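Student: What follows is a structure written as structure tokens; I'll ask about it next.
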Amino acid sequence: MIRNLMVLFAAGGSAALMAGAYLFQALGYPPCAMCLWQRYPHVIAILIGLLAWKIRGRLLPTLGALAAATTGSIGFFHMGVERDWWEGPSSCTGNGLLNGLDGAGLLAVEGPKVIMCDQVSWEFLTLSMPTWNGIFSFVLVGFWIAAVMRNDASTKAG
């Protein structure tokens with residue numbers, strides 16, 4: 001029972017973070033490429049949580065912990081890109097090549113606006129969205145690990 005509660009907190013936490021991401025998107029904060037990368041492990045963690053609710057053992061919670069650690073790591077890497085601690089991908093940072101386009105050429109380019117990964121679009125208590133994702137994701141890692149370590153009689157199959 002405690003194991004399933006930990007799985008519920010962990011997968012539910014990923015679902016809450018995803019809901020928050022989509023809420024911010026609906027409020028006019030479109031995601032950059034690295035923000036999108038952080039969403040994929042959350043979706044995987046939610047799916048793992050659904051499976052782990054019914055399938056006993058330690059494998060699924062371990063995979064859930066890895067998914068949460070992955071999104072948290074991407075979040076902290078993204079934070080470092082925003083703070084200019086290291087370079088981010090050239091496809092979504094201010095360091096991308098312009099391939100010889102002048103001002104008129106840039107204005108003539110049509111298409112969706114590229115959201116820059118090295119620009120902070122929103123912050124709370126001086127921490128950006130990727131930083132908060134990293135913090136909360138590693139809290140979720142703790143819930144997944146608690147689910148792995150919980151050795152109820154009902155979970156001894158793995």
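The values are calculated or read from the model by the stated rules, or taken from the named source; none is laboratory data. Quantities reported herein were computed from a predicted structural model and do not represent experimental measurements. Glycine also receives a Cβ, built like all others from the backbone with ideal geometry; neighbour counts cover every protein chain displayed.
Matching residues to (1) touching a helix residue (DSSP H, G or I) at 6+ places or on another chain (Cβ under 8 Å); (2) without any contact (Cβ under 8 Å) to a residue 60 or more places away in the chain:
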| residue | (1), (2) |
| --- | --- |
| G20 | no, yes |
| L23 | no, yes |
| Q38 | yes, no |
| L50 | yes, yes |
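Student: Using beta carbons and a limit of 6 Å, which pairs, at least six apart or on different chains, have the first residue in segment 133-147 and within 16 Å of L8 (Cβ to Cβ) and the second one basic (K, R)?
Tutor: The qualifying pairs are A147/R3.
Student: Output yes when any residue across segment 18-33 is touching a Ser or Thr at 6+ places or on another chain (Cβ under 7 Å) and outside any helix (DSSP H, G or I), and no when none is. It would help to see each step written out before you state the result.
Tutor: Narrowing segment 18-33 to residues touching a Ser or Thr at 6+ places or on another chain (Cβ under 7 Å): 29, 33.
Going one step further and asking which of them are outside any helix (DSSP H, G or I), we end up with 29.
Yes, there is a match, as at least one residue in segment 18-33 is touching a Ser or Thr at 6+ places or on another chain (Cβ under 7 Å) and outside any helix (DSSP H, G or I).
Student: Taking the residues in segment 74-85 that are in contact (Cβ under 8 Å) with a residue 12 or more places away in the chain and in a helix (DSSP H, G or I) as candidates, determine which candidate is surrounded by the fewest Cβ atoms within 10 Å (Cβ to Cβ).
Tutor: The initial filter retains those residues of segment 74-85 that are in contact (Cβ under 8 Å) with a residue 12 or more places away in the chain, namely 74-79, 81-82, 84.
Going one step further and asking which of them are in a helix (DSSP H, G or I), we end up with 74-79, 81-82.
Details: I74: 22, G75: 27, F76: 16, F77: 19, H78: 25, M79: 21, V81: 21, E82: 23.
Restricting to residues being in contact (Cβ under 8 Å) with a residue 12 or more places away in the chain and in a helix (DSSP H, G or I), the top hit is F76.
Per-residue answers, yes or no, for (1) more than 15 Å from the chain's Cα centre (by Cα); (2) of a type in the set (F, W, Y); (3) crowded, with 21+ Cβ neighbours inside 10 Å:
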{"site": "I2", "(1), (2), (3)": "yes, no, no"}
{"site": "Q25", "(1), (2), (3)": "no, no, no"}
{"site": "P41", "(1), (2), (3)": "no, no, yes"}
{"site": "R56", "(1), (2), (3)": "yes, no, no"}
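Student: Right, another one. Output the residues belonging to segment 86-126 that are modelled with pLDDT of 75 or more and surrounded by 15 or more Cβ atoms within 10 Å (Cβ to Cβ). Reasoning before the result, please.
Tutor: Step one: list which residues in segment 86-126 are modelled with pLDDT of 75 or more, which gives 86-92, 115-126.
Result: G88, P89, C92, I115, M116, C117, D118, V120, S121.
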